[in-house]
Amino acid sequence: MTDGLIFRMYKLVIEPKDRQAFVEEGENNFTVSHKNEPGTLLMYATHSDEVGAVNYVFELYLNKKSYRIHADSSQFKRYGKLAQKIIKKKELFELEPILLSSPKNLEIVGKNPYSIRMTKLKVEDSQIDLLLRQTKGELTAFHLAKLDNYWLILEVSDDSQLYRDWTSFGQVINRKDLKLDTLVNQAKIDYLAESK
């Protein structure tokens, strides 16, 4: 992997009545992209509330060319048409990938036991090296990125007991447990940025 990686988080708000169509179209977009686009490294769709109105989507692309291939794909354009109609609020967050770890090719769709714990952390300078040495342990995936002056930690698992506290590394600004709707990622993502 190179430093041309594009890592993004979207916060998308929809009406609960549109949820089924939103999830189905997103699932099609993700699974077709997973099969046909080797440069689309991961895509996670989640929701944070009971009715599924507040959604978080995470995407990782190998580079700008890979993102362009995805953006020009028929499945993305189909998803985009629906999204334009039903998304009431959209926020985009550019993430700086620092440590990315997902050991195997995965495709999780439909009802599943997985969740993603998203922790926003203000890290003390003295703790950064220690934070970077953290291993994913038994987690399905572990990702660490910079978001403005904060660190964003994504832990993916089917067992919430595996999630860490993180308070020993700094101030936890917020923490959300996100229910996983769809997850796809290519085989063995293992990346550590050269500089912090």
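Just checking, does the range 136-153 include any residue being in contact with a helix residue (DSSP H, G or I) (Cβ under 7 Å, 6 or more places away or on another chain) and among the charged types (D, E, K, R)? Looking through the range 136-153, at least one residue is in contact with a helix residue (DSSP H, G or I) (Cβ under 7 Å, 6 or more places away or on another chain) and among the charged types (D, E, K, R).
Just to be sure before I move on: is Leu139 closer than 19 Å to Asn55 by Cβ, touching a Leu at 6+ places or on another chain (Cβ under 9 Å) and not β-branched (Val, Ile, Thr) in the structure I sent? So that I can check it myself, show each step before the final result.
Numbers: closer than 19 Å to Asn55 by Cβ: no; touching a Leu at 6+ places or on another chain (Cβ under 9 Å): yes; not β-branched (Val, Ile, Thr): yes.
No: the conditions fail for Leu139.
Name the single residue that is nearest to Leu99 (Cα to Cα) among those in the range 33-56 being surrounded by fewer than 18 Cβ atoms within 10 Å (Cβ to Cβ) and over 14 Å from the mean Cα position of the chain (by Cα). Looking at residues that are surrounded by fewer than 18 Cβ atoms within 10 Å (Cβ to Cβ) and over 14 Å from the mean Cα position of the chain (by Cα), I get Pro38. Looking for something of a type in the set (A, V, I, L, M, F, W, C), more than 14 Å from Ile69 (Cα to Cα) and out of contact with any strand residue (DSSP E or B) (no Cβ under 8 Å at 6 or more places or on another chain) - is there at least one such residue anywhere in the range 25-37? No, the range 25-37 has no match at all. Is one or more of the residues making up the range 46-65 assigned to a helix (DSSP H, G or I) and farther than 22 Å from Leu154 by Cβ? Checked against the condition, which is being assigned to a helix (DSSP H, G or I) and farther than 22 Å from Leu154 by Cβ, the range 46-65 yields at least one hit. Here Tyr61 does not fit the description of being in contact (Cβ under 8 Å) with a residue 60 or more places away in the chain and closer than 28 Å to Glu138 by Cβ. Filtering the range 143-191 down to residues that are hydroxyl-bearing (Ser, Thr, Tyr) and under 17 Å from Tyr44 (Cβ atoms), which residue is modelled with the highest pLDDT? The residue in question is Thr182. Does Leu100 satisfy the condition of being in a strand (DSSP E or B) and buried (at least 17 other Cβ atoms within 10 Å of the Cβ)? In short, yes. Ala71 passes all but one of (1) surrounded by fewer than 13 Cβ atoms within 10 Å (Cβ to Cβ); (2) touching a helix residue (DSSP H, G or I) at 6+ places or on another chain (Cβ under 6 Å); (3) among the hydrophobic types (A, V, I, L, M, F, W, C); which number fails? Ala71 satisfies every listed condition except (2).
Scanning the range 88-100 for any residue that is touching a Gly at 6+ places or on another chain (Cβ under 8 Å) and among the charged types (D, E, K, R) turns up nothing. Here's a check for you: in the range 152-196, which residue that is acidic (Asp, Glu) and in a strand (DSSP E or B) is surrounded by the fewest Cβ atoms within 10 Å (Cβ to Cβ)? Once the filter is applied, the top-ranked residue is Asp190. In the set (1) within 25 Å of Val51 (Cα to Cα); (2) of a type in the set (D, E, K, R); (3) within 16 Å of the chain's Cα centre (by Cα), Asp190 fails one condition alone, (1).
The values are calculated or read from the model by the stated rules, or taken from the named source; none is laboratory data. Just so it is clear, the model here is predicted, and its values are computed rather than measured. Virtual Cβ from ideal backbone geometry, glycine too; neighbours counted across all protein chains shown.
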